[in-house]
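The structure under discussion appears below in the form of structure tokens.
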Amino acid sequence: MKYKIKHSTTYQYSDFVTLCQNQARLTPKTSRGQICHNSRIEIVPHANYLQQFTDYFNNNVTVFEISTQYKTLNVTVTSEVELLVTANNDIDNLDMSWTEVRDLLAAPNTKELLRTSEFILPSTLTPIETGIKEYALVSFKPEETLISACKGLMARIFHDFKYDPGFSTISTPLSVVFAQKRGVCQDFAHFALACLRSIGVAGRYVSGYIETLPPEGEEKLEGADATHAWFSVFLPGCGWVDFDPTNNVLPSEQHITLAVGRDFSDVSPLKGVVFGGGNSLLDVAVDMVRLE
């Protein structure tokens, strides 16, 4: 399955910006499950400095600086991505008990386990709050396999939490999300990661896109797709396995990965500093179109 993705971010400022420096993580990854065949970034006004590199988590990053005055900034990235048939069909055959995985990560004896063990630690946006471990252990019973337990956790978050785009921002504490059982995809991913890390299982945050389909008989609206977030769990012998608690599905043919990290702060699509500008308004539009 191939997709063309257009991701446009626009900032409108009430006063002139005299200098900005930004990092954009808007180029989809090439990994086991997908190939980014090409990607093009357009920045208006023109960037005076632009460089690309791969960060610690192997994400594609574009760094740019604009030193001319402006009131409107637009960053548009157009990419073509192919989703592949992955080995996740074999996860049930490779599955092992979650306690066995926990014990391997607690005393890593290979380079892969050592690299992965950092994902069992809490992060700024995934603190281990009171009650989270108890919530996790309802799914992670001693006899459960890792994948089965993660499927159970994903389903419980889907049914227990209400999707409410007006409830939270990225700065809303996870304890509030947990107490109110409300939030958006970033909140659900962060909560799932806090559950995993509270019991010593490695989980990572995934940012990306999910294809949204219009009601039958209606045309798809331009800009109707959106950025999305889910979580991955590490299964020795298989690698990272994705789970989408917002939709209660294992991502496959409709999820495209942009970046991975410990939490949202590692994978923010566009972040940086500006001098001047006054107040700002942000608009984000995403189009994800099947090519075949």
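The values are calculated or read from the model by the stated rules, or taken from the named source; none is laboratory data. Values in this document were obtained by computation on a predicted structure and should not be read as measured data. Methodologically, a virtual Cβ is constructed for each residue, glycine included, from the backbone with ideal geometry; neighbour enumeration extends over all protein chains shown. With ligands, DNA and RNA removed, areas are computed over all heavy atoms of the protein, side chains included. Shrake-Rupley method; radii C 1.70, N 1.55, O 1.52, S 1.80 Å.
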Report, by chain and number, residues whose modeled amide H sits under 5 Å from the one on residue 37, excluding near sequence neighbours (fewer than 5 apart, same chain).
80, 81, 82
For the chain, the Kirkwood Rh over every pair of distinct alpha carbons, in Å, works out to 20.1 Å
Per-residue ³J(HN,Hα) for the stretch 72-80, Karplus 6.51 cos²θ - 1.76 cosθ + 1.60, θ = phi - 60°, Hz, x for Gly and Pro:
10, 10, 10, 10, 10, 10, 10, 9, 10
In whole percent, the fraction of accessible protein surface over the stretch 77-213 that belongs to carbon or sulfur atoms, probe radius 1.4 Å, stands at 54 percent
Here the stretch 278-292 yields Karplus 3J(HN,Hα) values (6.51, -1.76, 1.60; θ = phi - 60°; whole Hz; Gly and Pro given as x) of x, 7, 9, 10, 10, 9, 10, 10, 10, 10, 10, 10, 6, 8, 7
Find the percent of Cα-Cα distances in the stretch 138-292 that exceed 24 Å, and round it to a whole number.
38 percent
Rounded to the nearest 10 Å², the accessible area of residue 169 using a 1.4 Å probe with every protein chain kept is 80 Å²
Grab the beta carbon distance between residue 67 and residue 213, set R0 = 45 Å, and tell me the FRET efficiency rounded to 0.05.
0.60
What are the extents of the Cα atoms of the stretch 128-201 along their three principal axes, listed from largest to smallest and rounded to whole Å?
39, 21, 15
Long pairs among 29/151; 4/271; 6/71; 6/29, criterion Cα-Cα beyond 18 Å
29/151; 4/271; 6/71
The stretch 59-181, dipole about Cα centre (Lys/Arg Cβ +1, Asp/Glu Cβ -1), debye to the nearest 20:
460 debye
Could you tell me the center-to-center distance, by alpha carbons, between the stretch 43-75 and the stretch 231-252 in angstrom?
31 Å
So if I place +1 on the C-beta of Lys and Arg and -1 on the C-beta of Asp and Glu, and nothing else carries charge, what would the dipole magnitude of the chain be about its Cα centre? I want it in debye, nearest 20.
580 debye
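Taking the Cα centre of the stretch 162-273 as origin, sum charge times position over the Cβ atoms of Lys and Arg (+1) and Asp and Glu (-1), and report the length of that vector in debye to the nearest 20.
Rounded to the nearest 20 debye, it is 700 debye.
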Expected output is a single nm value to one decimal: the length gained when fully extending between residue 46 and residue 285, i.e. 0.36 nm times separation in residues minus the C-alpha distance. What is it?
84.0 nm
Diffing the stretch 179-190: the Karplus 3J(HN,Hα) column from phi (6.51, -1.76, 1.60, θ = phi - 60°), in whole Hz with x for Gly and Pro, holds 5, 8, 6, 9, x, 10, 4, 4, 5, 5, 5, 5
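For n ≥ 4 DSSP H runs only, could you compute -39500 (n - 2.57) per run for the chain, divide by its residues and tell me the 222 nm figure to the nearest 500?
Value at 222 nm, helices only, nearest 500: -6500 deg cm²/dmol.
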